[in-house]
Amino acid sequence: MVGDRLFVGGHAAAAVSSNGGSTWKDVPSLSGADPMGWAITSDAVLVGGHPGLFRSTDGGATFTKVTGAGAVSDAHAIGATGDTVYVASPEAGLLASSDGGKSWKTVDAEAGRSFMGTILVDPKDPRRLIAPDMSSGLQTSSDGGKTWKSLGGPMGTMAAAWNPKDINQIVAVGMGGSELSIDGGKTWKQADLPKGTSAVGYDTTGSTLYAGALDGQNARTFRSTDGGTTWKATA
């Protein structure tokens with residue numbers, strides 16, 4: 001979610017909905033961007049993919065590829081709060097920015113190479129991170145990515161989201177299925193998400209959980225208003 005707009009991305013394209021997924025429009029400026037992770041800074045929307053980083057300064061209406069000091073190649077995972085941004089790349093490891101992604105410093109050239117999707121960054125403590133790790137489950141850091149430890153969740157985690165009104169409520173999706181935690185990752189239980197789900201996200205109110213599932217060559221979106229117990233297709 002970017003404000004009240006719902007985005008979904010795949011290898012070839014991205015689409016946006018302004019009515020909770022009932023109808024969709026193509027985002028031409030993200031054609032071929034292979035969007036994997038999304039992040040909102042204080043003044044921009046950042047999207048990471050195989051070609052690199054893309055930035056929008058008009059709320060996600062249009063995106064341009066980031067070049068110069070802000071460029072990052074093969075950005076598989078990204079997360080932000082305020083002007084603090086983290087990017088994980090299989091080529092460069094874990095990078096951090098304190099100026100909204102305009103410039104970067106290497107945190108650890110080896111860490112984060114298998115991270116995927118959106119890195120969750122605590123808005124009250126930007127040094128606290130949770131990242132989906134394709135080689136394991138979720139990984140968490142309390143020192144800005146310098147050190148990491150396992151947080152559990154499904155094996156081969158591809159996506160994770162937390163409720164913005166209660167960040168101890170986390171849902172994660174991986175090759176090993178889907179799991180939900182209500183205590184910040186201390187314990188997990190199996191979650192019943194739509195078949196084929198590979199992306200999840202909450203709306204800004206925390207009352208609606210969205211799931212993106214692959215249906216053949218197309219993506220379908222679903223919503224749940226009871227914490228993931230029941231689901232309805234958005235269109």
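For the chain, a crude dipole built from +1 on the beta carbon of Lys and Arg and -1 on the beta carbon of Asp and Glu, taken about the Cα centre, is about 140 debye to the nearest 20. Residues 162, 24, sorted by accessible area with the largest first, give 24, 162 [1.4 Å probe; ligands and nucleic acids excluded]. For segment 40-158, the Cβ-based charge dipole about the Cα centre amounts to some 80 debye (Lys, Arg positive; Asp, Glu negative; other atoms uncharged).
Can you give me the % of accessible surface on the chain that is carbon or sulfur? Probe 1.4 Å, all protein chains present, nothing else counted. Let's see the in-between values first.
Details: 5460 of 10640 Å².
Roughly 51 percent of what the probe reaches on the chain is carbon or sulfur.
With a 1.4 Å probe and all protein chains kept in place, how do 134, 175 rank by accessible area, largest first? Present the calculation step by step, with values, prior to reporting the outcome.
Values: 134 60, 175 140 Å².
Largest accessible area first, the residues go 175, 134.
Accessible area per residue was computed with a 1.4 Å probe on protein heavy atoms; residue 102 scores about 110 Å².
If contacts are Cα pairs under 8 angstrom and at least 6 residues apart, what is the relative contact order of segment 143-189 in percent?
Details: 82 pairs, mean separation 15.4, N = 47.
Relative contact order comes out at 33 percent.
A straight chain from residue 155 to residue 43 at 0.36 nm per residue would run longer than the Cα-Cα distance by 36.9 nm.
May I ask which residue of 32, 64, 19 lies farthest towards the positive end of the charge dipole of segment 1-116, with charges of +1 (Lys, Arg) and -1 (Asp, Glu) on Cβ and the Cα centre as origin? The listed residue farthest towards the positive side: 19.
With the simple spin-label model, which puts each label point 7 Å out from Cα in the Cβ direction, the residue 235 to residue 175 separation comes to 3.1 nm.
Holding the Cα-Cα limit at 29 Å, pick out from 105/149; 105/186; 149/232; 25/105; 146/232 the pairs that are longer than that.
Values: 105/149 22 Å; 105/186 31 Å; 149/232 35 Å; 25/105 36 Å; 146/232 40 Å.
Pairs exceeding 29 Å: 105/186; 149/232; 25/105; 146/232.
Once the 1.4 Å probe is applied to the protein heavy atoms, segment 74-121 comes out at 34 Å² accessible per residue.
On the basis of the beta-carbon distance and an R0 of 35 Å, residue 18 and residue 99 show a calculated FRET efficiency of 0.70. Per residue, the average separation of C-alpha pairs within less than 8 Å and at least 6 apart gives the chain a relative contact order of 11 percent.
Solvent-accessible surface of segment 7-69, taken per residue with a 1.4 Å probe and all protein chains present: 44 Å². Taking every C-alpha pair closer than 8 Å and separated by at least 6 residues, the mean separation divided by the residue count of segment 67-118 gives a relative contact order of 34 percent.
The values are calculated or read from the model by the stated rules, or taken from the named source; none is laboratory data. The model shown is predicted, which means the values in this text are computed figures rather than measured ones. Because the Cβ atoms are built from the backbone with ideal geometry, glycine has one as well, and the counts that use them run over all protein chains shown. With ligands, DNA and RNA removed, areas are computed over all heavy atoms of the protein, side chains included. Shrake-Rupley method; radii C 1.70, N 1.55, O 1.52, S 1.80 Å.
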